[in-house]
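Single-structure report; data block below.
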Amino acid sequence: MKASRVISSCIEIVLPRSCVLCGSPMLLASSPLAAGPATSWPLCPACSEGFRPWAGDRCASCGLPLISELGLCMRCRGVERAFDSAYPLYSYEGRARELMAAYKKTRRRSLAPFIAERFADAIRRRWPERTIVPVPPRPGKARLLGWDQVEEVARRLEALGFPVARPLERGRSAEQKRLGRWERGDNARKAYALRAGASSPELPLLVDDVETTCATLDACSLALKAGGARSVAALVFAAD
């Protein structure tokens, strides 16, 4: 066993890592002294297994659960979407909201493998033939923060063997979360475009962290279809 791994294991025993969601102490999966199941991310096994994708009927467009509607939810009826389908794994509440807050606001990059694994499971089941396209960040965001949360997940997926392309770029525009629901569409359409000289995969799968109004997915899909995409699907971790 390498010395660094021994030191890491000793630190985990003396100062055990706590689960991001429930706060219970836990050991790394790499620790040879871990008792019972352990994880390689800062979530205890119980919290890791507590994430359950929505079951039942979903909107054929945005992927939100259908309550009394058929085919399309109320917000998608009469609306023309640039993407062909979207699939959020979870509702943006409870565990999913807390996890996203920890990942994005407090920069817990160690959560990226968990998010990537959840995406990977869905991609293998639903879109094995598609090429992953991460939604790009605002200009300068990665430089300012030192990382980009969506790109971090895309790199994990690439390491797992999934094809990833990065033909999109985002120009300068207002921050989406500071705008009202109906202002986001115009803002997003002005923001996203293909990189100079880039073309889109024929079957791209957009990946993003949170879906609110679908404005970002729409704008990215318009750019991808202008660049040669035949159809665009989208996968997001959670939808509000």
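Taking the criterion of being farther than 20 Å from L157 by Cα and in the same structural domain as L222 (by TED's automatic domain parsing), would at least one residue in the stretch 103-119 satisfy it? Yes, the stretch 103-119 has at least one match. Screening D121 against (1) free of Cβ contacts under 8 Å to residues at least 12 places away in the same chain; (2) among the acidic types (D, E); (3) loosely packed, with under 13 Cβ neighbours inside 10 Å; (4) in a loop (DSSP other than H, G, I, E, B) leaves a single unmet condition, (4).
For the stretch 164-195, the tally of residues that are part of a loop (DSSP other than H, G, I, E, B), at pLDDT 95 or above and among the hydrophobic types (A, V, I, L, M, F, W, C) stands at 1. The set of residues in the stretch 198-240 that are at pLDDT below 95 and at positive phi contains only C214. Any residue at all in the stretch 89-111 that is in contact with a Ser or Thr (Cβ under 8 Å, 6 or more places away or on another chain), in contact (Cβ under 8 Å) with a residue 12 or more places away in the chain and of a type in the set (A, V, I, L, M, F, W, C)? There is no residue in the stretch 89-111 that is in contact with a Ser or Thr (Cβ under 8 Å, 6 or more places away or on another chain), in contact (Cβ under 8 Å) with a residue 12 or more places away in the chain and of a type in the set (A, V, I, L, M, F, W, C).
Condition check ((1) surrounded by 12 or more Cβ atoms within 10 Å (Cβ to Cβ); (2) at pLDDT 80 or above) across all residues:
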position: M26; (1), (2): yes, no
position: T39; (1), (2): yes, no
position: A60; (1), (2): yes, yes
position: G78; (1), (2): no, yes
position: F83; (1), (2): yes, yes
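When we screen A116, A122 for residues that are over 11 Å from the mean Cα position of the chain (by Cα) and not basic (K, R), the only hit is A122. With the structure loaded, tell me whether L203 is in the same structural domain as P134 (by TED's automatic domain parsing) and more than 25 Å from R52 (Cα to Cα) or whether it fails that test. The answer is yes for L203.
The values are calculated or read from the model by the stated rules, or taken from the named source; none is laboratory data. The model shown is predicted, which means the values in this text are computed figures rather than measured ones. Cβ: placed from backbone, ideal geometry, glycine included. Neighbour counts: every protein chain shown.
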